[in-house]
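The values are calculated or read from the model by the stated rules, or taken from the named source; none is laboratory data. Note that the structure is a prediction, hence the values are computed from the model and not measured. A quick note on method: Cβ atoms are made from the backbone with ideal geometry, for glycine too, and the neighbour counts reach across all protein chains shown. Only protein heavy atoms, including side chains, enter the accessible area calculation; ligands, DNA and RNA are left aside. Shrake-Rupley method; radii C 1.70, N 1.55, O 1.52, S 1.80 Å.
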Amino acid sequence: MINYNGNLKDHYFNDFNNRAFLYGDSVFETIKVVNNKIIFWEEHYMRLMSSMRILRINIPSIYTPDFFENQIIKTIINLDKSFSGRIILSVFRDGKGYYMPEINEPNFVIAANKISEIFFKINTGSYKIDLYKDFKVQSNLLSNLKTNNKVLNVIASIYAKDNGLDNCILLNEKKQVAEFINGNIFIVNDNTIKTPPISTGCLNGIMRNKIIELVNGVNDYKIIEQSFSPYELISSNEIWVTNSISGIIAVTEYRKKYFSDGVCKNILKHFNQEISKL
């Protein structure tokens, strides 16, 4: 028996009778699709499989890259024969049980939303940020995973809205910079680009890894994965928010300091050239 907004039901709705809803026992991937082409699909698939292994969710033999790619295409062509937009691929542990699951088999859900913007957009407007200090990211392996345990991100987003901010930087329990609410963080000083290492508890982001890969192959810039405190933010030339959907967002203001975006534009230009080839 459940009571849903005052209405009594004699059995669980399927929406409520799953471990993702009850215990946050789920992982997901947010994926950009352009003209039915899945951007960075191999990286998303490998991260999903790795996350399932860490959470000890069994991986059926049918869960191949081709299987999920076909399921995604099956979903999006019902919206548009040439779909561009955002996909959320979620996997949650099936079955009953309380904290101790009765089985470890998975279910998956694919949700699709169209987006008009195909290329990663250069931010031309104001983008103001600050620190969020009420709760901290924990610097452990679970924080690196893209699970649906995102209460910290939700309340940090509410804090940002209430304070007229576009985003907030999350710190870990050591007061080190970890990430943004919805992506990884990079700071730029001259030709040096720095991002926190995975050990800080930041998300093991797909765009984060692609930027590191790109910069390592470019002679003009040097990439460093190194922990840093919030004090380094003010001395930076650029601050970036990075994720798979937006690409790179250049921060314009942090605590009354204004930032440039020249390096950001150069990096985004490369990724948009790759998308234009699809």
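Just a few scattered comments:
- Sites counted here are chymotrypsin sites (Phe, Trp or Tyr not before Pro) in a DSSP loop (not H, G, I, E or B) having no more than 10 other Cβ atoms within 10 Å; the longest part of the chain that contains none of them is 100-278.
- For K136, the lysines whose Cα falls under 27 Å of its own Cα, not counting residues fewer than eight places away in the same chain, are K128, K146, K150, K161, K174, K175, K194, K210, K256, K257.
- Placing +1 on the Cβ of every Lys and Arg and -1 on the Cβ of every Asp and Glu, with no other charges, gives the stretch 48-198 a dipole of roughly 120 debye about its Cα centre.
- Ordering M46, M207 by accessible surface, largest first, gives M46, M207; the 1.4 Å probe counts only protein heavy atoms, with every chain in place.
- Surface accessible to a 1.4 Å probe, K121 within the full protein complex, Å²: 130 Å²
- Relative to the longest principal axis of the Cα atoms of the chain, helix 262-276 runs at roughly 50 degrees.
- Modelled this way, with points 7 Å down the Cα-to-C-beta line, the labels at I62 and E274 are 3.2 nm from one another.
- The stretch 108-182 and the stretch 183-215 have Cα centres lying 15 Å from one another.
- Where Rh is the Kirkwood radius over Cα pairs, Rg/Rh for the stretch 1-77: 1.10
- Taking the stretch 145-185 and a reference point 7 angstrom along Cα→Cβ of I115, the backbone N atoms nearer than 15 Å belong to 182-184.
- In the chain, helices alone account for a calculated mean residue ellipticity at 222 nm of -8000 deg cm²/dmol, with every DSSP H run of four or more residues adding -39,500 (n - 2.57).
- Spin-label proximity, E173 to the stretch 207-230 - amide N less than 20 Å from point 7 Å beyond Cα toward beta carbon: 227-230
- For the chain, the fraction of alpha-carbon pairs in successive 10 Å shells from zero, as %: 6, 26, 33, 24, 9, 2, 0
- Cα convex hull volume per residue for the stretch 43-91 (Å³): 83 Å³
- Local charge for K222 was computed over the other residues whose Cβ lies under 12 Å away, with Lys and Arg +1 and Asp and Glu -1, and equals -2.
- Magnitude of the charge dipole for the chain, about its Cα centre and with charges confined to Cβ atoms of Lys, Arg (+1) and Asp, Glu (-1), is about 220 debye.
- Reference-scaled alpha-carbon Rg (2.2 N^0.38 Å with N residues) for the stretch 131-278: 1.00
- Radius of gyration over Kirkwood radius for the stretch 20-127, both on Cα atoms: the Rg/Rh ratio is 1.04.
- For the chain, the solvent-accessible area with a 1.4 angstrom probe is 53 square angstrom per residue.
- Angle in degrees between helix 65-76 and the longest Cα principal axis of the chain, rounded to the nearest 10: 90 degrees
- Beta-bridge orientation, the chain: approximately 80 percent antiparallel, per DSSP, counting only bridges with both partners inside.
- Considering only Y159, N219, N58, and ranking their Cα positions along the charge dipole of the chain that arises from unit charges at the beta-carbon of Lys, Arg, Asp and Glu, the one farthest toward the positive end is Y159.
- E232 - accessible surface, heavy atoms, 1.4 Å probe, Å² rounded to 10: 60 Å²
- Label-to-label distance, nm, for residues given as D162 and I54 (7 Å Cα→Cβ offset): 3.0 nm
- In this structure, N36 and D190 have a Cβ-Cβ separation that, at R0 = 35 Å, corresponds to a calculated FRET efficiency of about 0.30.
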